[in-house]
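The block underneath contains the structure these notes are about, expressed in structure tokens.
The values are calculated or read from the model by the stated rules, or taken from the named source; none is laboratory data. All figures in this text were calculated on a predicted structure; none of them were measured in a lab. Note: ideal-geometry Cβ built from the backbone for every residue, glycine included; neighbour counts use all protein chains shown. Note: accessible area is taken over every heavy atom of the protein model, side chains too, but ligands, DNA and RNA are not part of it. Shrake-Rupley method; radii C 1.70, N 1.55, O 1.52, S 1.80 Å.
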Amino acid sequence: MDLLKLISDIEKVDPEVYERLDPRRRVFRHFGLAGKAVTAAVLPGLVSGIFQRAYGQTSALTPEIQGVLNLALSLEYLEFYFYDSGLKAGTLIPATDRPAFETIRNDESGHIKVLREALGSAAIPDPTVGAFDYTGGRGLIAGPFATVFTDYKIFLGVAQSFVDTGVRAYKGGAPVLMPNKDILESALNIHSVEARHSSHVRTVRRAVEGGNPSNGTSVAGNLANLNKIPKSWISGIDNGGASPDTTPSTRPVYDKGNPEATYPAESNTTQAGANIVNAAAGITAAAASEAFDEPLDPTTVKSIARNFVKSTTTLFV
């Protein structure tokens with residue numbers, strides 16, 4: 001067990017992991033003093049105990065919190081194996097883009113470690129890559145994204161849909177996590193990283209679709225064609241996303257959840273009861289919607305993700 005690497009991975013997601021492990025940062029001294037007495041057989045249990053103290057005992061997590069974290073963990077596995085498969089698909093990802101996607105994949109791996117440690121024995125088992133069907137056919141047919149690992153444009157469109165779903169899912173789950181501030185903080189840290197992933201994927205996609213693969217920032221988002229030329233952030237409902245007219249469709253990623261009053265569509269322009277559109281100040285409906293992310297309920301999140309897992313699995317049920 002490489003403890004230093006494990007903690008380093010977790011620190012990428014939770015910068016305060018050292019404080020959680022020990023307020024006076026003595027954890028490594030403890031290991032040093034115990035080194036001669038601790039055998040390889042006992043080390044995993046000792047490490048597990050330290051992380052349980054850092055993030056709370058499984059028994060202290062309500063079923064609702066466990067549900068939110070396991071949904072997040074399922075989404076992280078969906079994304080990790082997606083990016084990992086893309087990176088292993090020959091020359092699918094251009095050499096100039098590979099380092100960023102390697103970073104994104106590794107971030108997802110770090111998220112998985114944090115969520116598994118927080119959940120302890122309540123964590124779902126690793127579904128492995130075999131649980132997923134990234135064509136959108138649920139393992140039954142070749143779905144509409146059958147060329148996802150041979151066509152870079154399709155790969156980027158699916159990636160955008162996954163990461164935008166994840167951002168909304170984390171925001172939707174945050175209220176349930178509020179009783180446990182440490183877990184809430186870690187989840188919000190992951191949420192912010194997923195938002196950065198979304199911005200990067202969208203920028204790369206805009207560059208590729210807009211004909212300037214080397215510089216996405218030089219290509220402006222096209223409000224009339226956000227399906228292919230998205231901004232680096234969601235605008236309205238993004239015209240339904242990368243593939244609005246296929247089955248499955250990407251529309252639900254940006255549309256309202258259930259109930260709509262709690263989970264409005266990304267085109268929402270009312271915040272805290274105030275309509276923030278202000279023509280005199282130049283705040284259009286598009287600009288107002290871009291200023292805020294909207295949460296998505298777990299049932300809708302699961303229905304979106306379920307299109308990309310084989311029908312024989314129990315993920316997202």
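In this entry, PHE101 passes the filter for residues that are over 13 Å from the mean Cα position of the chain (by Cα), modelled with pLDDT of 95 or more, of a type in the set (A, V, I, L, M, F, W, C) and part of a helix (DSSP H, G or I). Yes or no: GLU102 of a type outside the set (A, V, I, L, M, F, W, C) and over 29 Å from LEU61 (Cβ atoms)? Taking the combined requirement at face value, the residue satisfies it. Which pairs have Cβ atoms under 8 Å, sit 6 or more apart or on different chains, and link a residue in the range 262-275 that is charged (D, E, K, R) to one that is in a loop (DSSP other than H, G, I, E, B)? That search, which allows pairs on different chains as well, returns GLU266/ILE234; GLU266/GLY236; GLU266/ILE237; GLU266/TYR254; GLU266/ASP255; GLU266/ASP293; GLU266/GLU294. All of (1) closer than 22 Å to THR313 by Cβ; (2) open to solvent by 60 Å² or more (accessible area, probe 1.4 Å) hold for HIS111 with one exception: (2).
The numbered conditions (1) more than 27 Å from LEU177 (Cβ to Cβ); (2) assigned to a helix (DSSP H, G or I); (3) open to solvent by less than 40 Å² (accessible area, probe 1.4 Å) are all true for ALA280 except (3). How about the range 55-114: which of its residues are of a type in the set (Ser, Thr, Tyr) and without any contact (Cβ under 8 Å) to a residue 12 or more places away in the chain? Hits for the range 55-114 are SER59, THR91, THR103. Restricting the range 290-317 to residues that are open to solvent by less than 40 Å² (accessible area, probe 1.4 Å) and not in a helix (DSSP H, G or I), the residue that is nearest to ILE124 (Cα to Cα) is LEU315. Given the criteria free of Cβ contacts under 8 Å to residues at least 40 places away in the same chain and open to solvent by less than 40 Å² (accessible area, probe 1.4 Å), does THR147 qualify? Against the criterion (free of Cβ contacts under 8 Å to residues at least 40 places away in the same chain and open to solvent by less than 40 Å² (accessible area, probe 1.4 Å)), THR147 does not qualify. Within the range 176-206, the residues that satisfy the criterion of being without any contact (Cβ under 8 Å) to a residue 60 or more places away in the chain, farther than 30 Å from GLY221 by Cβ and surrounded by fewer than 16 Cβ atoms within 10 Å (Cβ to Cβ) are MET178, LYS181.
Of all residues in the range 233-242, those satisfying the criterion of being assigned to a loop (DSSP other than H, G, I, E, B) and either open to solvent by 20 Å² or more (accessible area, probe 1.4 Å) or over 20 Å from TYR152 (Cα atoms) (or both) are TRP233, ILE234, SER235, GLY236, ILE237, ALA242.
Table: residues versus (1) open to solvent by less than 40 Å² (accessible area, probe 1.4 Å); (2) out of contact with any Cys (no Cβ under 6 Å at 6 or more places or on another chain); (3) outside any helix (DSSP H, G or I).
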residue	(1), (2), (3)
PRO252	no, yes, no
PRO259	no, yes, yes
ASN268	yes, yes, yes
ALA286	yes, yes, no
